[in-house]
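Here's the structure, in C-alpha cells; my notes come after.
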Amino acid sequence: MSETQALGASPTATPGAGPTRATVRTPAPQSGFAPWKDPSKSPIVRFENIVKRFGDFVAVKECTLDIYEREFFALLGPSGCGKTTLLRMLAGFEKPTSGRILVAGEDITELAPYERPVNMMFQSYALFPHMTVEQNIGFGLKQEGMPKDAIAARVEEAMAMLELSRFGKRKPHQLSGGQQQRVALARAIAKKPRIVLLDEPLGALDKRLRQQAQFELMRIQETTGTTFIIVTHDQEEAMTVSSRIAVMDHGQFMQVATPGDIYEAPNSRYVANFIGDVNLFEGKVVRVADGFVEIDWGPGLARFKSVAPEGCVADQQIWLALRPEKVRIAFEKPSEASNAVPGKVVDVGYLGSISHYHVELANGQRVRALRANSARTVARTINWEDSVWLEWPPETGIVLTR
Amino acid sequence: MRRFSWFNATSIALGFAFLYIPILLLVIYSFNESKLVTVWGGWSTKWYSSLLQNEGLLSAAWVTLRVAVVSSTLATILGTLAAIVLVRIGRFPGRTLFSGLIFAPLVMPEVITGLSLLLLFVAMNVDRGFWTVVIAHATFSMCFAAVVVQARLYDFDKSVEEAAMDLGAPPVKTFLQVTLPIIAPSVISAWLLSFTLSLDDLVIASFATGPGATTLPMKIYSQVRLGVTPEINAVSTIMIGLVTIGVIFASYTTKRASARQEREMKAVDAGAK
C-alpha cells in the first residue's frame with residue numbers, strides 16, 4: 001500500500017502493525033481523487049431532502065447527499081440507522097415520503113426498480129436457485145433483449161473477472177459462500193450499470209475471506225470505473241474500501257468525509273466512538289489563545305492543552321477525543337509535555353506487534369494506550385500495577401463540541 | 001429408535017384396523033368370484049373386466065376425470081394468486097377478513113357449500129351440468145391450494161424477486177421467470193391435492209350437477225342404493241388406488257422440495273463458514 005507513505009510524518013503509521021491489525025487508515029484509495037471538492041463536477045447521485053417514514057417511525061430524516069462518478073461510497077452505521085433504507089430508495093424498492101433522488105441530473109424518484117440505471121448486490125445474495133451461474137449472471141442482459149451470443153460474451157467476461165469461469169454450469173447451491181458472493185457481484189456488474197449498490201455484501205463471509213473480498217471489490221470497482229455505494233455496519237470494511245464514508249445514526253448523516261478525515265478529524269463523539277477506539281475526556285474550556293484551548297477536566301487535575309476548533313469559546317462544555325495509539329506511555333514524567341497525566345496500569349494486552357494498556361487515572365477514569373513493540377527486547381516492560389505517565393502533544397487530541 | 005412396547009403396538013394396530021379394515025374388505029371383495037357381495041366365492045378379476053363393459057360407469061368416470069382436471073387447474077391458479085396476495089402484500093385493511101374468507105370453505109359443511117352454490121346457479125339461471133360442477137369444485141378446493149402454496153411462499157426469500165426486478169424484469173416477467181419456477185413444487189402438489197379432492201367429492205357435485213354430468217361417486221352412490229354389486233367394489237378399488245397415488249405423489253413432491261431447500265440452505269451456511 002504505497003498510499004500510506006503519502007501521509008508522511010503521520011503518527012498513525014505504526015511500524016510493524018501490518019497483518020494482525022487490519023484497521024487501514026489510508027485516505028482515499030486514489031490519491032488526488034476528490035471530485036466532491038471540485039465545484040465543476042456534478043454528482044452522479046443526489047439525495048435531495050429525503051425523508052422516509054414507516055408509520056410513526058422515521059427511518060431517514062431530511063438527508064441530502066451528493067455522490068460522484070467513480071466514487072466508492074460507504075454508508076456506515078449501526079443497524080436501524082437508515083442506511084439500508086437509503087440504498088433501497090435508490091434501488092427503487094422503497095419510495096421516499098418526501099424529497100427527490102437524482103441520477104446524473106435526472107429525477108428517478110418515481111421510476112420502478114426495473115427502470116433504473118442501478119444494480120444491486122443483496123445481503124442474502126438473492127441468487128436464482130433454479131438457474132445456473134451463467135443464467136444468473138446473464139439474467140439482466142436477457143431482460144434487455146440482448147442477442148444470445150452477446151450475452152454469452154458478456155457473461156464470460158464477468159465470470160473471468162471474478163474467477164468464476166469454472167463454475168458456469170453449476171447451480172448456486174453447489175457453490176461455497178465465497179463463490180456465491182462472487183456470483184452475486186458478477187450479476188450486479190454484468191449489465192455495466194452506472195451505479196452498483198452493495199447491501200452488506202460481505203456480511204456472511206468469515207473474517208479472512210472478507211478481507212480478501214474487500215480487495216476484490218476495490219479491484220472490480222477500479223477496473224470497471226463504476227460508482228459503488230456500499231452499506232455496511234463494519235467500520236473496518238468502510239475504511240478499507242471507500243473513498244468517502246457517510247456515518248449515519250437515527251436516520252441522519254453525522255459526518256460525510258474521507259476515511260482519513262473521519263478517523264483523524266471526527267466532528268462528534270458519536271463518530272469518534274463509532275470509528276476505531278477513542279478515549280474521551282469531558283471538560284470545560286478555560287480559555288482560547290493562539291489557536292490553542294486550555295481544558296479544565298476536573299478539580300485538582302492538570303489542565304489539558306489542545307488545538308482549538310473553530311468557534312470555541314470559554315466556559316463551553318467540550319470533549320477531548322484521543323486515539324489510543326497517540327498516547328505515549330512512560331515510567332518517568334516527561335519533562336517537556338503540554339499534556340501529561342499520571343496513572344496506574346490496570347490491564348495489559350500483548351498482541352505481538354502491539355500492546356494495549358489500560359491505565360487508571362487519579363479520578364478513576366480509564367485511558368487506553370497503544371504501543372508498537374518495535375524493539376525485540378526492552379529493558380523494563382510495563383506491567384500490571386506499574387505507575388506510569390501518559391503524555392500527548394496538543395495537536396493529537398481532538399476537541400469535540402457535540 | 002425405541003422399540004415398540006406391547007401397549008404402543010396394540011394401540012397402533014387398533015388405530016390402523018379401525019381406519020383400514022373396511023377399505024381392505026372392500027378391496028378384497030372386489031376380487032370375489034361370487035355375485036353376492038357378502039358371500040366369498042373364491043378369487044377372480046371378472047368384475048374388473050365386466051366393469052369395462054359397463055358404459056354408465058365408464059362415462060361417469062370420464063366425466064369425473066375431466067371435472068377433476070379442469071377444476072383443479074382452476075383452483076390452483078386462483079389459490080396461488082390468493083396465496084401471493086396474502087403473503088406478499090403484507091398488511092392491508094381487511095387482510096384478516098380476506099384470509100378468513102379464503103379459508104372459511106375449509107371448515108364449511110359441504111352440504112352448505114353445495115346448497116349455496118345450487119341457489120346461486122338457480123338464481124343466475126345457469127344450466128347445470130359439467131361447468132357448474134367444475135366451478136363448484138374449484139371453489140372448495142381453491143382454499144386447499146391456497147394453503148399449500150402459502151406455506152411455501154412464507155419461507156421464500158423476497159429479495160430474490162427484488163433482484164429480478166432490479167435486473168430489469170417487470171413484475172409479470174419476474175413472476176413467470178423467477179417466482180413460479182421456485183414455487184413450482186408446491187403449485188404441483190396443490191394441483192394434485194385439488195385433483196384428489198375433486199375426484200372423490202359426492203356432496204357438492206350432487207348439488208351442482210345437472211343432466212348428463214354424473215360423476216363417478218354420484219353414480220356409485222345411486223347404484224349402491226339399489227344394492228351393492230361387486231362391480232362397485234371394483235371401481236371403488238380403482239378409485240382408492242388413484243387417490244392414494246395422488247396423495248403420495250403430492251406429499252412426495254412437497255417433501256422433496258423442502259429437502260432440497262434445506263440442502264441448499266445448508267450449502268449456503270457451510271459455504272459462509
Once R0 is set to 41 Å, what does the formula 1/(1 + (r/R0)^6) return for the Cβ-Cβ distance between residue B:7 and residue B:104, expressed as a FRET efficiency to the nearest 0.05? 0.55
Given 37 °C, 0.692 mPa s and a Kirkwood radius over Cα pairs, the Stokes-Einstein diffusion coefficient of the stretch A:175-302 in µm²/s is 189
Determine, at each q value in 0.21 (inverse angstroms), the log₁₀ of I(q)/I(0) that the Debye formula gives when each Cα of the stretch A:254-332 is one equal point scatterer. -1.06
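Report the rotationally averaged projected area of the stretch B:50-104 based on its alpha-carbon convex hull, in square nanometres.
Orientation-averaged projected area of the Cα hull: 5.0 nm².
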Using 30 Å as the Cα-Cα cut-off, could you pick out the over-long pairs in A:171/A:191; A:207/A:344; A:61/B:173; A:83/A:207; A:142/B:255? A:207/A:344; A:61/B:173; A:142/B:255
Pop out the ³J(HN,Hα) list for the stretch B:132-138 in order, Karplus 6.51 cos²θ - 1.76 cosθ + 1.60 with θ = phi - 60°, rounded to Hz; leave Gly and Pro as x. 5, 5, 4, 4, 4, 5, 4
What FRET efficiency comes out for the pair residue A:208/residue A:160, r = Cβ-Cβ distance, R0 = 30 Å, nearest 0.05? 0.80
Of all DSSP beta bridges with both partners in chain A, the antiparallel percent, nearest 5, is 75
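What is the calculated FRET efficiency for residue B:122 to residue A:234, with r their C-beta to C-beta distance and R₀ = 56 Å, to the nearest 0.05?
FRET efficiency, residue B:122 to residue A:234: 0.25.
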What Kirkwood hydrodynamic radius, in Å, does the stretch B:27-78 give when the mean of 1/r is taken over all pairs of distinct Cα atoms and then inverted? 13.3
How far is it, in nm, from the label point at residue A:310 to the one at residue B:46 when both lie 7 Å from their Cα along the line to the Cβ? 10.9
When the distances between all Cα atoms of the protein assembly as shown are binned every 20 Å from zero, what whole-number percent does each bin get? 14, 33, 26, 17, 9, 2, 0
Long-range amide H partners of residue A:318, meaning residues 5 or more apart or on another chain whose placed amide H is closer than 5 Å, are A:283, A:284, A:285
Which residues' amide hydrogens lie under 5 Å from the amide hydrogen of residue B:169, considering only partners 5 or more residues apart or on another chain, with H built in the peptide plane? none
Treating every alpha carbon of the stretch B:60-157 as one equal point scatterer without solvent, the Debye formula yields log10 I(q)/I(0) values at q = 0.12, 0.17, 0.22, 0.25 Å⁻¹ of -0.45, -0.82, -1.14, -1.28
Across peptide A:234-244, how many C-beta atoms of other chains are within 10 Å of each residue C-beta, on average? 0
Highest average packing first - A:162-169, A:176-183, A:347-354, Cβ atoms within 10 Å: A:176-183, A:162-169, A:347-354
Please list, in order along the stretch A:286-293, the HN-Hα scalar couplings obtained from phi with the Karplus expression 6.51 cos²θ - 1.76 cosθ + 1.60 (θ = phi - 60°), rounded to whole Hz, x for Gly and Pro. 8, 7, 10, 8, 6, x, 10, 10
Thinking of the stretch B:54-272 as a set of Cα atoms, what percent of all their pairs are more than 32 Å apart? 29
Cα-Cα pairs in the stretch A:113-222 separated by more than 16 Å, as a whole percent of all pairs, come to 55
Given the alpha-carbon gyration tensor of the stretch A:277-400, what are the semi-axes of its equivalent ellipsoid in whole angstrom, ordered largest first, with each equal to the square root of 5 times an eigenvalue? 28, 14, 13
Any idea what the dipole of the protein assembly as shown comes to, in debye rounded to 20, about its Cα centre with Lys/Arg Cβ at +1 and Asp/Glu Cβ at -1? 1440
Ignoring chymotrypsin sites (Phe, Trp or Tyr not before Pro) buried by more than 13 other Cβ within 10 Å or outside DSSP loops, the longest site-free run in chain B is B:41-273
Cα-based Rg and Dmax for the stretch A:116-175, in Å, come out at 11.5, 31
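For the stretch A:234-278, take N as its residue count and report Rg(C-alpha) divided by 2.2 N^0.38 Å.
Ratio of Cα Rg to 2.2 N^0.38 Å: 1.00.
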Residue-normalised 222 nm signal for the protein assembly as shown, counting each DSSP H run of n ≥ 4 as -39,500 (n - 2.57), nearest 500 deg cm²/dmol, is -14500 deg cm²/dmol
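Given the convex hull of the Cα atoms of chain A, what is a quarter of its surface area in nm²?
Projected area, direction-averaged: 23.9 nm².
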What is the Cα centroid distance between the stretch B:170-248 and the stretch A:127-148, reported in whole angstrom? 38
Using θ = phi - 60° and Karplus 6.51 cos²θ - 1.76 cosθ + 1.60, couplings along the stretch A:102-119 (whole Hz; Gly, Pro as x): 10, 10, 6, x, 9, 6, 10, 3, 9, 6, 6, x, 7, 10, 9, x, 10, 10
P(r) of the stretch B:160-245 in 5 Å steps, Cα pairs, percent per bin? 3, 12, 15, 13, 12, 8, 7, 8, 7, 6, 4, 2, 1, 0
Spacing of the two label points (7 Å from each Cα toward its C-beta) at residue B:260 and residue B:180, in nm: 1.7
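Computed from the coordinates by the stated procedures, all read-outs in this text should not be read as laboratory data. Predicted model only: the values in this text are computed from it and were never measured. All Cβ positions, even for glycine, are placed from backbone atoms using ideal geometry, and neighbour counts span all protein chains on display.
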